[in-house]
There are 2 protein chains.
Amino acid sequence: MSKCPACLAPLGDGDFLPLARHLVGRAGESDPDHVRWLNQNLTRKKTDPAGLVPGLRQVYALGPMGIRGWIKAKFIAKFYGKAPHPFVVALQHPSRATLLGYVVEHQHFLRQWVRSCAYIIARTDQPKAIHYELDNLNTEFGGLGPGRVSHYELLLRMGESLGVDRAKVLSTEPLPATRRAIAGWNEIAVTEHWVSVVAAMHSLELIANRNLVDEGASVRYFDPAILKGSAITEASQQFLREGYEADVGHSDEALGLVAEYADTPALLEDVQSVFFRSIDLFDEYLLARLQRAADFEA
Amino acid sequence: MSKCPACLAPLGDGDFLPLARHLVGRAGESDPDHVRWLNQNLTRKKTDPAGLVPGLRQVYALGPMGIRGWIKAKFIAKFYGKAPHPFVVALQHPSRATLLGYVVEHQHFLRQWVRSCAYIIARTDQPKAIHYELDNLNTEFGGLGPGRVSHYELLLRMGESLGVDRAKVLSTEPLPATRRAIAGWNEIAVTEHWVSVVAAMHSLELIANRNLVDEGASVRYFDPAILKGSAITEASQQFLREGYEADVGHSDEALGLVAEYADTPALLEDVQSVFFRSIDLFDEYLLARLQRAADFEA
């Protein structure tokens, strides 16, 4: 285990004992990232390092479905368990405030998305990954001709349909949690192996993957009923529909790239740790959307 | 002057004297990059640092056409003067060997092109630059749908039409000069300001800009007559035509971005030095195409 899943500090190769020592040490100093990771993934009980090793080994065990199945299972456990993430709960039948919290913070997320995926293109040696990310950037930010509007543009239109113009959205600074998450993803994009960056970013698209309910997710990202009727604006429906339809194939294809190119045990373990770090950042970022929503409550 | 145009070493702000001292010092050690830069841009005579300052000031003076005009003038002087670059001379009515030298080395150039432009997307804060580079990556490497073939694909087809299959092209290592140039551009992409990276890379597209003859270039990249008739293969015509038609707008638009976003005197000077470094790398790289062509001489 060469990287801490809570902070990506290098730990040197070898077994799980150095990681266990690091986690216990940092949690003992009450560092929130390490406390949270231990609580969510291993135990809430104070345990000595040697006692953590079997649990850590189990957490990192890939199982018969390999890295793809492992990532999906961890993602579902974190965001789509018995108690889904609070933002997902709010999005089932979203208020105007929830959608506007989404718009204002997500604008910053998508700008970082572009940066992270561009770093993958810049740092990979695999044409297949370049083509995948180029297609992705076109969809998310570029738009392809007048008939195809980018996901970023659809987001801004959702905000306008809810009464907040794009100048206001674009000039609003991100909340501290969003800023921190973005900084974390940028650091990952600059420093981690490109395969880990693919895993870190595209695993997040699983949030909108409607097929996760077939693999154990308790709910979908939102109740698909809101895509019809008039509970939310038409522009909001368009934004959510794009993600709902696009991200299924997208995240599956990306996990396929990870499975194909994470071709050493050491790289696979790095992918796992970087993924863990990324979903913790995402957790905080999704809470920031809710925090922003409060600004728009009546 | 904060960077040396021959090696991009930082020099500290201020007047041209630190640069003059650095150039004289490094040339005194017979460093070929510094000797060449001095010879081509200032003087072949041994001069003391203070004596070089007026010349340096003149070389960097932007003149009434601003950074765009300055870049074009320097580019023309270097590649399209009375004695055009030897590769350009060979390309006027190219042999099979010349075109194959182009294919084998340029494959590597285009892979670096993708990396450099992806770094611009990753590191810029300007959506306009993102859209420009995304469009560029689609054209050069992505291809847009079955009707639109990427420039990279057209290059490989040119090779095939001349009897060298793509597996052979893709598995041929670059010549040392190409490798060195690519490493230099990658270093620029990773470390320099994104506006300097735009200038460094897209100025190189001027090589195929057919309008440069209106601004003083002695010849075009090739004799346009070869785009008709059967002197070269149809796939070669297609490859050369794409560049001939595409790169005019492309390089002009990029220089527009440079003019717009190089908004401080210090950044403008950096852009100039990075551009100088990039065209020296390009000079060597174009010679590598000719060197490779020798492998295919009958």
Of every Cα-Cα pair in region A:110-242, the percentage lying beyond 18 Å is 65 percent
Residues other than A:E192 with Cβ under 11 Å of its Cβ, Lys/Arg counted +1 and Asp/Glu -1, net out at +1
The rounded separation in angstrom of the Cα centers of region A:52-76 and region B:171-197 is 39 Å
Using a 1.4 Å probe on heavy atoms of the protein chains only, the accessible area for B:D223 in Å², nearest 10, reads 50 Å²
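Can you pull the percent of the protein assembly as shown's accessible area that's carbon plus sulfur, 1.4 Å probe, other chains left in place?
52 percent
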Going residue by residue through region B:119-131, the Karplus relation 6.51 cos²θ - 1.76 cosθ + 1.60 with θ = phi - 60° gives ³J(HN,Hα) values, rounded to whole Hz and with x marking Gly or Pro, of 4, 4, 4, 5, 10, 7, 10, 10, x, 4, 5, 4, 4
At q = 0.15, 0.19, 0.26 Å⁻¹, the log10 of I(q)/I(0) for region B:1-84 from a Debye sum over equal Cα scatterers comes to -0.57, -0.90, -1.37
Computed on Cα atoms, Rg of region B:145-190 relative to 2.2 N^0.38 Å comes out at 1.47
Label points for A:G63 built 7 Å along Cα→Cβ; distances to same position in the other copies, nm, shortest first, come to 6.8
The helix A:66-79 Cα axis meets the longest alpha-carbon principal axis of chain A at an angle in degrees, between 0 and 90 and rounded to 10, of 60 degrees
Of every Cα-Cα pair in region A:3-150, the percentage lying beyond 21 Å is 65 percent
Those trypsin sites (Lys or Arg not before Pro) from region A:102-160 that are DSSP loop and have at most 16 other Cβ neighbours within 10 Å turn out to be A:R148
Expressed in square angstrom to the nearest 10, the accessible area of A:E160 with a 1.4 Å probe stands at 80 Å²
Computed for A with B: buried accessible area summed over both chains, 1.4 Å probe, rounded to 100 Å², at 1600 Å²
re region B:115-182: pairs of Cα atoms spaced beyond 15 Å account for a percent value of 66 percent
Amide H contacts under 5 Å for A:K3, restricted to residues at least 5 apart in sequence or on another chain and with H modeled in the peptide plane, are A:L11
Taking the alpha-carbon centre of each part, the distance from region A:84-134 to region A:263-281 in Å is 19 Å
Residue span B:Q92 to B:H131: 0.36 nm per residue of separation minus Cα-Cα distance leaves a gain in nm of 10.7 nm
Rounded to whole angstroms and listed largest first, the alpha-carbon spread of region B:63-173 along its three principal axes comes to 48, 40, 28
Checked region A:224-272 with the C-alpha gyration tensor, a ≥ b ≥ c its square-rooted eigenvalues, rounded below a/c of 1.5, otherwise prolate if a/b is larger than b/c and oblate if not; verdict prolate
If one compares the long axis through the Cα atoms of helix B:234-261 with the longest principal axis of the Cα atoms of chain B, the angle in degrees, nearest 10, works out at 30 degrees
Ordering A:C117, A:C7 by the accessible surface of their heavy atoms, 1.4 Å probe, largest first, yields A:C7, A:C117
Counting Lys and Arg as +1 and Asp and Glu as -1 over every other residue whose Cβ sits under 14 Å from the Cβ of B:H34, the net charge comes to +3
Taking a ≥ b ≥ c as the square roots of the eigenvalues of the Cα gyration tensor, with a/c under 1.5 meaning rounded and otherwise prolate when a/b exceeds b/c and oblate if not, region A:172-247 is oblate
Karplus ³J(HN,Hα) for region B:216-223 (6.51 cos²θ - 1.76 cosθ + 1.60, θ = phi - 60°; Hz, whole; x = Gly/Pro) runs x, 5, 6, 9, 8, 4, 8, 6
Ranking A:H34, B:H193 from most to least accessible area with a 1.4 Å probe gives B:H193, A:H34
If one compares the long axis through the Cα atoms of helix B:265-293 with the longest principal axis of the Cα atoms of chain B, the angle in degrees, nearest 10, works out at 40 degrees
Probe 1.4 Å, all chains present, heavy atoms only: A:M65 accessible area in Å², nearest 10, is 140 Å²
Out of A:S2, A:A235, B:I121 - ranked by how far each Cα lies towards the positive end of the dipole of the protein assembly as shown, with unit charges on the beta-carbon of charged residues - the top one is A:S2
The whole-number value in µm²/s of the Stokes-Einstein translational diffusion coefficient for the protein assembly as shown, with Rh from the Kirkwood sum over alpha carbon pairs at 25 °C and 0.890 mPa s, is 92 µm²/s
With the 1.4 Å probe rolled over protein heavy atoms, the protein assembly as shown has an accessible area per residue in Å² of 41 Å²
Charge tally for neighbours of B:D223 with beta carbon under 14 Å away, counting Lys, Arg as +1 and Asp, Glu as -1, is +4
Per the helix-only model, chain B has a calculated mean residue ellipticity at 222 nm (DSSP H runs of ≥4, -39500 (n - 2.57) each, divided over all residues, rounded to the nearest 500) of -21000 deg cm²/dmol
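Can you bin region B:165-298 into rounded, prolate or oblate? Criterion: square roots of the alpha carbon gyration tensor eigenvalues sorted a ≥ b ≥ c, rounded for a/c under 1.5, prolate for a/b above b/c, oblate for the rest.
oblate
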Sorting B:S30, B:S150, A:S230 on solvent-accessible surface, 1.4 Å probe, most exposed first, gives A:S230, B:S30, B:S150
Answer in debye to the nearest 20: the dipole magnitude of region A:96-230 about its Cα centre, from +1 Lys/Arg and -1 Asp/Glu charges placed on Cβ, is 320 debye
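The values are calculated or read from the model by the stated rules, or taken from the named source; none is laboratory data. Just so it is clear, the model here is predicted, and its values are computed rather than measured. No Cβ is skipped: glycine too gets one built from the backbone with ideal geometry, and neighbour counts run over all protein chains shown. The protein model used for the area step is the full one, side chains on, heavy atoms only, and it has no ligands, DNA or RNA in it. Shrake-Rupley method; radii C 1.70, N 1.55, O 1.52, S 1.80 Å.
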